[in-house]
Amino acid sequence: VEAGQPVVQLDDKELRLSLEQRRAALAAAEASLARLLAGAAEEELAQARAAVAQAEAGFERVAETLARYEVLYQQGIISADAFEAVRTEHEVARLQLESARQRLILMERGATREDIQVAEAQVQQARVAVELAEQQLADATIRAPFTGLLASRPPVVGSLVGAGSPVASLVDIDRVLIEAGFTEREVNGLAVGQAVRVQVDALGNEGLSGTVVAISPVADRVSRAFPVRFAVDNPGHRLKPGMVARVEAEVERVVAPVVPRSAVFARSGRHVVYVIEERGSELVVRETPVTVGLEAGDRVAVTEGLVPGVRVAVPEPGMLLRDGARVRVIQEER
């Protein structure tokens, strides 16, 4: 799939309705602001004045009725309930008249600065709500963030997915990452951008070129190795996620003798090798303390204590070497 291409479409009916609702609220807020800025029209002022006149007439009428009922009540002609009903009607008429007069005063005065600021804030709030609804609607269409291959099938139509649930797996294998562990002695010899050689068993003996892209400053708690990531170009997509690879990197360049790992022994907290020497017609071994360096496969570099060109003994399984012991060379390797 290409970057930006839709991969999964969520049901967006409720999101569309929510967007329409918020757009309508924005239109109402904008209309209210425009009305405040424009001020009251002459027709609205005329209606407000008519409402005040009507409220005054109604109040005067109820006031006359209340005065008449008060006389009748004092004479005992009407009940207390009838008198209280007229008093309540009089209070309602008074409140209606005050409301009509206050509305007319506000319309004639026009909107205050505070009223306009409140209306502007309501418009801005409505606009943000519309933008949020638009983003939520856009998010209902899940698109590929980059060009790659679908590693898993999207959910079928009608499936229920929750927030945070994966709906598809997309991989980009034009350039793959390989992670390998290096010892504490080796990791300091690596640098980001350094070239390495990569071999993958599934591809035979073909060597690939890679580059160091990240070096972890913390060792793995289990293996105690430092994870290092390498990037390898993969134009033919022959490298697949999950394949096993071997990485060869130059961590240190040392000119030193190299001996088999099985030729190095630990004696009293130090490393030693047994150098083969001629003593008359016999061959004996001399225990020689050494300092070992980097390891590669079954070979170990000896950085101190060994002269290039000497022969060291590699005993057969079960054989114990000691200083001065006589030996016999069965097989010699250089």
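Some points to look at:
- With the gyration tensor restricted to C-alpha atoms of segment 258-327, the semi-axes of the equivalent ellipsoid amount to 20, 13, 12 Å, longest first.
- Look at where the Cα atoms of segment 134-181 and of segment 59-125 average out, and the two centres are 65 Å apart.
- Normalised convex hull volume, segment 1-156, alpha-carbon set, Å³ per residue: 191
- Most fluctuating residue given options 26, 104, 15, as computed from a GNM of the chain linking Cα atoms under 10 Å: 104
- Loop-located GluC sites (Glu not before Pro) in segment 250-317, at most 14 other Cβ atoms within 10 Å (DSSP): 250, 252
- √(5λ) per eigenvalue of the Cα gyration tensor, the chain, largest first, Å: 99, 25, 19
- With Rh defined as the Kirkwood radius, the inverse of the mean 1/r over Cα pairs, the Rg/Rh of segment 196-257 is 1.02.
- The relative contact order of segment 10-136, computed from alpha carbon pairs under 8 Å that lie at least 6 residues apart in sequence, is 50 percent.
Read-outs throughout are calculated quantities, based only on the coordinates presented, and are distinct from any laboratory measurement. Just so you know, these numbers come straight off a predicted model, no measurement behind them. Neighbour counts run over all protein chains shown; Cβ positions are idealised from the backbone, glycine included.
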